[in-house]
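Enquirer: The structure's right below; bear with me while I get my questions together.
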Amino acid sequence: MTPPVLQASDLTKRFGDFTAVNGISFHIKPGEILGLLGPNGAGKTTTIQMLLGLVTPTSGSIHMFGLDLSTHREEILQQVNFSSTYLSMPQSLTVEENLWVVGRLYGMSDMARRVDAIVKKLEMEEFRGKITRKLSSGQMTRLTLAKAFLTEPQILFLDEPTASLDPDVAFKVRSLLKEARRSSGLSILYTSHNMREMEEMSDRIIFLQRGRIVATGTAQEIIDRFGKTDLEEVFLKFAQEQGHSVS
Amino acid sequence: MKLHRIMALVVRHLYLYRRSLPRIMEIFYWPFLDLVIWGFITLYLARYQSQVPGFVTFFLGALILWDMLFRSQQGITISFLEELWARNLMNLFASPMKPGEFLIATMIMSVMKVTVVSIVMTGCALLFYSYNILIIGVWLMPFVLNLVVTGWIIGVFTTSLIMRFGQEAEVLAWSMVFLFQPISCVFYPMEVLPTWLQMIAWANPAAHIFEGMRAVLGESASPVGDLVWAVCLNGVLLVMVVAWFYRTVAYCKDQGLLVRVGE
Ligand SMILES: Nc1ncnc2c1ncn2[C@@H]1O[C@H](COP(=O)(O)OP(=O)(O)OP(=O)(O)O)[C@@H](O)[C@H]1O
Ligand SMILES: [Mg+2]
């Protein structure tokens, strides 16, 4: 068996008295798409932020590529990138300038070719010269996806990447992700509130509720375990449970 | 330390300034206004204050040097604020970039701003008052270098506070430096301060530089002693404040502030 590219063990994050993530362990295999599912406030974003070194875990450990994130931050983050609908980029720079800055930050060579390639892939030609401030929200999302792909990461963290995309672009982004996984063995951690997308995309799903893992397996396994007909029903069950104890 | 990452951050700021007239104006606005208003007041007062020798020389020299310190501090703090306003800190701190590389990039921005402002102010002083800052002579360069470092110290200190307390603390970027002005003894010798304040001023490297400047301009003493103090204090304080910045980053990561900031 190939070793996982990412291994999180007993990961916990407390903010004061509040426990956002409560002792979760999971792994991602090379080329695997892992879906992180859960109601609002379940701890998905906090988990991703810990994996990116933006938030320090209260306890537990994170290993990527066999290295400990707390001691090999630079080597790990060089091979990782992320995107989110809620991510911003410098508004006064053009789309292309932003991509160039990111490329330099990650020490990428041959930038002109790379930028051309990613712009073409994500169909950004018509707004590549635009000031970022003037982008529509869907165009902005494509820019943040482009910046994530640009650095050719081994692992991609995507926090609701398709939330503001129209169905056509969302479809293309999903195809692109699956294609990248096939061709370069990219591993992806994915969150979304779109259950159909989750079922389609994820090799495996982790279900979070109030910071704990309450279910894990393929979409079908989870559906069967709880005796439901689809993932949405499972989601509603957990969301309503969580809702009762969250103000 | 990786040069390509530092340069990426510098280029990002240059892109910003290339397209933004208000940002460019902001660099010159205060130094220019300072020089015009205070310069003419100085000329006027000099008519009546003939008992203070070299009044104009002292005052204009101090004004220009002080603005170099101010610009140096702004170079750091504004560069940070730009990232905060752009909500770009998350992109940066989730990249392989190290906090130290971030600071060095802001220091490079600071040196660029100081250079540009110095040229403009020196030119204006010549034009308006036939005043040449170069009369400070060979000491000018070590003085300026030390003031730039003191500006960095105040800048990194202010940046840490804004990072820690969020955007509400943003006014500090413009006000913090003025807390240091009275104890920098810019326009008066340290001896006019009450003794207890003198002790505080003594720990401020900038105060030693302005003492040194007066020694040179008054041809009363050699500024070497002042410079030695300034260099030592700058060294110690810079190390302390950078360590504090690292601690602040760690604190923000612990509290999840890096990702919340700027909203
Ligand atoms: N910096 C912080 N300080 C205090 N509490 C926080 C902080 N960050 C997150 N939380 C809390 O942790 C919990 C989990 O938040 P998180 O953003 O991880 O949820 P999520 O699963 O991503 O939800 P959503 O689906 O709404 O995006 C929330 O209750 C949130 O209020
Ligand atoms: Mg979230």
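Enquirer: Would you confirm whether or not segment B:221-242 contains a residue that is modelled with pLDDT of 90 or more, within 14 Å of chain A (Cβ to nearest Cβ) and either assigned to a helix (DSSP H, G or I) or farther than 19 Å from B:Gly100 by Cα (or both)?
Expert: no
Enquirer: Considering B:Met107, B:Met141, B:Met121, which residue is buried (at least 19 other Cβ atoms within 10 Å of the Cβ), part of a helix (DSSP H, G or I) and at pLDDT below 95?
Expert: B:Met121
Enquirer: Here's another thing I want to ask about it. State yes or no: is A:Gly43 touching a residue at least 12 places away in the same chain (Cβ under 8 Å), more than 14 Å from chain B (Cβ to nearest Cβ) and within 16 Å of ligand 2 (Cβ to nearest atom)?
Expert: Criteria not met by A:Gly43.
Enquirer: Looking at segment A:163-196, which of the residues that are of a type in the set (S, T, N, Q) and touching a Leu at 6+ places or on another chain (Cβ under 9 Å) is nearest to ligand 2 (Cβ to nearest atom)?
Expert: Among them, the one singled out is A:Thr191.
Enquirer: Another question, then. Just to verify a result, which residue in segment A:118-147, among those that are in contact with a helix residue (DSSP H, G or I) (Cβ under 9 Å, 6 or more places away or on another chain) and of a type in the set (Gly, Ala, Ser), is nearest to A:Pro167 (Cα to Cα)?
Expert: By that ranking, first place goes to A:Gly138.
Enquirer: Within segment A:85-92, is even one residue open to solvent by 60 Å² or more (accessible area, probe 1.4 Å) and either more than 8 Å from every other protein chain (Cβ to nearest Cβ) or of a type in the set (S, T, N, Q) (or both)?
Expert: Among the residues of segment A:85-92, at least one is open to solvent by 60 Å² or more (accessible area, probe 1.4 Å) and either more than 8 Å from every other protein chain (Cβ to nearest Cβ) or of a type in the set (S, T, N, Q) (or both), which makes the answer yes.
Enquirer: Shifting gears a bit: Does A:Glu97 fit the bill of being open to solvent by less than 50 Å² (accessible area, probe 1.4 Å), of a type in the set (Asp, Glu), under 21 Å from A:Leu54 (Cα atoms) and at pLDDT 95 or above?
Expert: no
Enquirer: May I ask you to list the residues in segment A:91-138 that are over 28 Å from A:Arg73 (Cα atoms) and aromatic (Phe, Trp, Tyr)?
Expert: Of everything in segment A:91-138, just one residue is over 28 Å from A:Arg73 (Cα atoms) and aromatic (Phe, Trp, Tyr), namely A:Phe127.
Enquirer: Something else: Given (1) among the aliphatic types (A, V, I, L, M); (2) within 14 Å of chain B (Cβ to nearest Cβ); (3) surrounded by fewer than 23 Cβ atoms within 10 Å (Cβ to Cβ); (4) within 16 Å of ligand 1 (Cβ to nearest atom), where does A:Leu67 come up short, assuming only one miss?
Expert: Tallying (1) among the aliphatic types (A, V, I, L, M); (2) within 14 Å of chain B (Cβ to nearest Cβ); (3) surrounded by fewer than 23 Cβ atoms within 10 Å (Cβ to Cβ); (4) within 16 Å of ligand 1 (Cβ to nearest atom), A:Leu67 fails exactly one: (4).
Every residue, every condition in (1) within 16 Å of ligand 1 (Cβ to nearest atom); (2) open to solvent by 40 Å² or more (accessible area, probe 1.4 Å); (3) of a type in the set (Lys, Arg), yes or no:
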site	(1), (2), (3)
A:Leu6	no, no, no
A:Arg14	yes, yes, yes
A:Asn22	yes, yes, no
A:Lys44	yes, no, yes
A:Thr47	yes, no, no
A:Asn81	no, no, no
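Enquirer: Return the only residue of A:Glu200, A:Glu232, A:Glu221, A:Glu241 being within 17 Å of the chain's Cα centre (by Cα), in a helix (DSSP H, G or I) and either among the charged types (D, E, K, R) or more than 13 Å from ligand 1 (Cβ to nearest atom) (or both).
Expert: Checking each option against the conditions leaves just A:Glu200.
Enquirer: Give the number of residues within segment A:93-107 that are facing chain B (nearest Cβ under 7 Å) and more than 13 Å from A:Lys134 (Cβ to Cβ).
Expert: Qualifying residue count for the region: 6.
Enquirer: Of all residues in segment B:178-189, how many are buried (at least 17 other Cβ atoms within 10 Å of the Cβ) and more than 15 Å from B:Asp34 (Cα to Cα)?
Expert: Summing the residues that are buried (at least 17 other Cβ atoms within 10 Å of the Cβ) and more than 15 Å from B:Asp34 (Cα to Cα) in segment B:178-189 gives 4.
Enquirer: OK, next. Look through segment A:1-39, keep the residues that are within 16 Å of ligand 2 (Cβ to nearest atom) and free of Cβ contacts under 8 Å to residues at least 24 places away in the same chain, and return whichever of them is farthest from the chain's Cα centre (by Cα).
Expert: Per the stated criteria, the residue is A:Phe18.
Enquirer: B:Arg87 fails exactly one of the following numbered conditions: (1) assigned to a helix (DSSP H, G or I); (2) surrounded by fewer than 22 Cβ atoms within 10 Å (Cβ to Cβ). What is the number of that condition?
Expert: (1)
The values are calculated or read from the model by the stated rules, or taken from the named source; none is laboratory data. It should be emphasised that the depicted structure is a prediction, and the values quoted were computed from it without experimental measurement. For neighbour counting, all protein chains shown are included, and Cβ atoms are generated from backbone atoms with ideal geometry for every residue, glycine included. Side chains are part of the model used for accessible areas, which takes the heavy atoms of the whole protein and leaves out ligands, DNA and RNA. Shrake-Rupley method; radii C 1.70, N 1.55, O 1.52, S 1.80 Å.
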